[in-house]
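Mind looking over this structure? Questions follow.
The numbers here are math on the coordinates, done by the rules we state, and not lab data. What you see is a predicted model, and the numbers here were worked out from it, not measured in a lab. Counting neighbours? That spans all protein chains shown, and the Cβs are built from the backbone with ideal geometry, glycine included.
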Amino acid sequence: MVFKMEESFLKEIKESAAQAVQELQEQARLSGGDILVVGCSSSEIVGERIGTASSLETAQAVFEGIYEVTSKRGIYLAAQCCEHLNRALIVEEELAKRERLPVVNVIPQPKAGGSFGTTAYKRFLRPVAVEHITAQAGMDIGDTLIGMHLADVAVPVRMGIRRIGMAHLVCARTRGKFIGGERAVYDKEML
């Protein structure tokens, strides 16, 4: 089932996505070169069960809201595909080369990769698919389970926006591991 969305709804979710990623970027202290992984269920955004009501229009609106913020700040966006592609990620080839990530051969489709992954593949300059990444922050729109793509110590970020459309929004930042035991001293800027 594919839904046609009203312009006012698309505008609202684009603005919500932009506001959420801006708030996350600030709280996570992301800077140029950092990676933000985003999982997005367009089905959940429109109020349906994940994987049942894919909406390219919805995914495109969310992508635009997020990408406008990340691209201005030099943050790499990694778009997580759905479970049918084992939650592979669509990234810019430049990032895959920088991180020495093995590229896999797949082109996401709305029902095999998800509408958000499909949109990223169409919108990035030189898109490639990779299986794993280690991101500094993440946005999970609609309970898509992005944790496997975050650095080892993920910390929840409490957001002013808790939903995009009807989808639950969970965000995380990462931090370095604490090592050294009780006598160790830690850099407060890294907490």
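At 10 °C and 1.306 mPa s, what whole-number value in µm²/s does Stokes-Einstein give for the translational diffusion of region 55-129, with Rh from the Kirkwood sum over Cα pairs?
The diffusion coefficient I find is 130 µm²/s.
Which whole-number percent is the relative contact order of region 80-139 (Cα, under 8 Å, 6+ apart)? Write down the numbers at each step before the final one.
On the way: 98 pairs, mean separation 26.0, N = 60.
Once normalised by length, the contact order is 43 percent.
Okay, next question. Could you check the spin-label model distance between residue 143 and residue 97? Points 7 Å from the Cα along Cα→Cβ, value in nm.
About 4.1 nm, to one decimal.
Could you compute the FRET efficiency for residue 105 and residue 152, with r as their C-beta to C-beta distance and R0 at 35 Å, rounded to 0.05?
0.75
Given a cut-off of 24 Å, what percent of all Cα-Cα pairs of the chain lie beyond it? Don't skip to the answer; put the middle values down first.
On the way: 6189 of 18145 pairs.
In whole percent, the long-distance tail amounts to 34.
Over the Cα atoms of region 1-79, what radius of gyration and what Dmax do you get, in Å?
When restricted to the Cα atoms of region 1-79, Rg and Dmax are 13.1, 39 Å.
Could you work out the relative contact order of region 4-155, using alpha carbon pairs under 8 angstrom and six or more residues apart, expressed as a whole percent?
Relative contact order here is 29 percent.
Could you name the lysines in cross-link range of residue 11, using Cα to Cα under 28 Å and dropping any fewer than eight places away on the same chain?
72, 111, 122
When each pair of different Cα atoms in region 114-191 is counted once in the 1/r mean, what is the Kirkwood radius in angstroms, to one decimal? Could you put the intermediate results ahead of the total?
Numbers: mean 1/r = 0.0667 Å⁻¹.
Hydrodynamic radius (Kirkwood, Cα only) of region 114-191 equals 15.0 Å.
Test of understanding: express the Cα radius of gyration of region 92-159 as a ratio to 2.2 N^0.38 Å, with N the residue count.
Taking N as the residue count of region 92-159, the ratio is 1.19.
Okay, moving on. Longest segment of the chain with no trypsin sites (Lys or Arg not before Pro) in a DSSP loop having at most 14 other Cβ atoms within 10 Å?
No qualifying site falls inside 50-99, the longest such stretch.
Roughly what % of DSSP beta bridges within the chain run antiparallel, to the nearest 5?
65 percent
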